[in-house]
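A short worksheet on the structure shown next.
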Amino acid sequence: MENVCLTCKDDCSLYASGQSHTRPCLTRGHCTMLGRSTHPNTPSPSGQHTNTPSPQVNTPYTPSPQVNARITGCGIRSVSFHGEILTIGTGVGAIMFFDMRAGKYMESTMNSGRAVVLKSTKGWVSADDQYHDVFHNVEYTPAIYTHCYDWSGMRLFTAGGPLPASLKGNYAALWC
């Protein structure tokens, strides 16, 4: 497993590390969360245990439950927080949205029980010999290496390109 990307909330209270497995076709990528502990009996800066939560400034980061990708065989390539929503870009061109408060992926209001997933188009990739060696009889989709929201939070910019480093290409989209 390898760490691929990192983000933190605006107040630095929670970090998310996007990870990808070295054998992606067998498993799902996931995000490991690290948050500040605010539980009673947390050691204070002086090392003494107290029965009240320590101030967030002085508390250590502790692992929180991880968020598994919904798609088998995809690695996490980009992550960001927008309020309580963790946005995840994958190596197979999908963008997913995890609601931190609800503890689950956002679901469609029109198709109950179905997660909200944005899927990229092909973008551009140089169809040279390397391309044909890698994608022989396989559909190409770009990896989402970066994404960000505009100031209003209503538009999402995504960009990326081919997952194999030997290929040349690019992808960019503005989702409104």
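Counting only protein heavy atoms and using a 1.4 Å probe, what share of the accessible area of region 58-176 belongs to carbon plus sulfur, as a whole percent? About 54 percent, which is the carbon plus sulfur part of the accessible surface. Once the gyration tensor of the Cα atoms in region 74-148 is diagonalised, the equivalent ellipsoid follows with semi-axes of 29, 14, 9 Å, ordered largest first.
Potential lengthening of the chain between Asn68 and Glu2 amounts to 22.3 nm, from the contour at 0.36 nm per residue minus the alpha-carbon distance.
Could you name the lysines in cross-link range of Lys104, using Cα to Cα under 23 Å and dropping any fewer than eight places away on the same chain? The qualifying lysines are Lys9, Lys119.
Taking a virtual spin label 7 Å from the Cα of Glu84 along the C-beta vector, which residues in region 94-117 bring their backbone nitrogen under 17 Å of it? Flagged as within label range: 97-108. Per residue, region 84-176 exposes 60 Å² of solvent-accessible protein surface, assessed with a 1.4 angstrom probe and all protein chains in place. Each peptide in 166-173, 8-15, 93-100, 150-157 was scored by the mean count of other Cβ atoms within 10 Å over its residues; highest first, the order is 93-100, 166-173, 8-15, 150-157. Taking amide H positions as modeled 1.01 Å from N, with prolines and chain starts lacking one, the residues under 5 Å from Leu163 and 5 or more places away or on another chain are Ala143.
Residues Thr158, Thr7, Thr121 ordered from highest to lowest accessible area at a 1.4 Å probe: Thr121, Thr7, Thr158. When restricted to Cα atoms, region 132-176 yields an Rg and a Dmax of 13.3, 43 Å, respectively.
The values are calculated or read from the model by the stated rules, or taken from the named source; none is laboratory data. Here the structure is a predicted model, which is why all the values come from computation and not from measurement. Heads up, the Cβs are rebuilt from the backbone with ideal geometry, glycines too, and the neighbour counts pull from every protein chain shown. All accessible areas refer to the heavy atoms of the entire protein, side chains included, with ligands and DNA or RNA removed. Shrake-Rupley method; radii C 1.70, N 1.55, O 1.52, S 1.80 Å.
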